[in-house]
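Structure first, then comments.
The values are calculated or read from the model by the stated rules, or taken from the named source; none is laboratory data. Values in this document were obtained by computation on a predicted structure and should not be read as measured data. Cβ sites come from the backbone with ideal geometry, for glycine too, and all protein chains shown count toward neighbours.
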Amino acid sequence: MTEEIKVRIDKWLWAARFFKTRSLAAIAVAGGKVHCNNARIKPAKTVSIGDELRIQRGEVEFIVIVHELSGRRGPAVVAQKMYEETGESISARAATREERRLLKPGSNFGPEGRPGKKDRRLIRRFTRKD
């Protein structure tokens, strides 16, 4: 006879290290930033193994499948074993990361990201109002 552990979604998100505090997780769930099986949920909703969660944090969206349930926050290595991120989610996050990197101001000054002496002179000439 196996007993199924029941864990609230806000507690699971905190234990899986998606949010720093449980109250931040509850605010995100109540604000519609977390969906379970493509449905909006409340912080008191219990999670079960195999559920698909869509978690929105800022510009980044994670799509994960729950593998383990725990209400205790442990080391990051243990927390990463609690879920599996889908391939679609990983590729979408990589694309947004690359897009943000390209849109970052000053990113066209070479691999070090800082303007050199020649680049600074060009910037000064461009910004001068003579």
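Table for the structure above
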read-out	value
Which listed residue is within 22 Å of R93 (Cβ to Cβ), in contact with a helix residue (DSSP H, G or I) (Cβ under 7 Å, 6 or more places away or on another chain), in contact (Cβ under 8 Å) with a residue 12 or more places away in the chain and buried (at least 18 other Cβ atoms within 10 Å of the Cβ), from L53, L13	L13
Residue in the range 103-116 that is among the hydroxyl-bearing types (S, T, Y), closer than 23 Å to I5 by Cα and surrounded by 11 or more Cβ atoms within 10 Å (Cβ to Cβ) present	no
Of all residues in the range 20-35 being within 19 Å of Y83 (Cα to Cα) and without any contact (Cβ under 8 Å) to a residue 12 or more places away in the chain, the one that is nearest to the chain's Cα centre (by Cα)	K20
Failed item in (1) surrounded by 13 or more Cβ atoms within 10 Å (Cβ to Cβ); (2) more than 28 Å from E4 (Cβ to Cβ); (3) in contact (Cβ under 8 Å) with a residue 24 or more places away in the chain, with R100 passing the rest	(1)
In the range 59-93, residue farthest from K33 (Cα to Cα) [restricted to those that are surrounded by fewer than 12 Cβ atoms within 10 Å (Cβ to Cβ) and touching a helix residue (DSSP H, G or I) at 6+ places or on another chain (Cβ under 7 Å)]	R72
Which numbered condition R73 fails, given (1) modelled with pLDDT of 95 or more; (2) in contact with a Phe, Trp or Tyr (Cβ under 7 Å, 6 or more places away or on another chain); (3) of a type in the set (D, E, K, R)	(1)
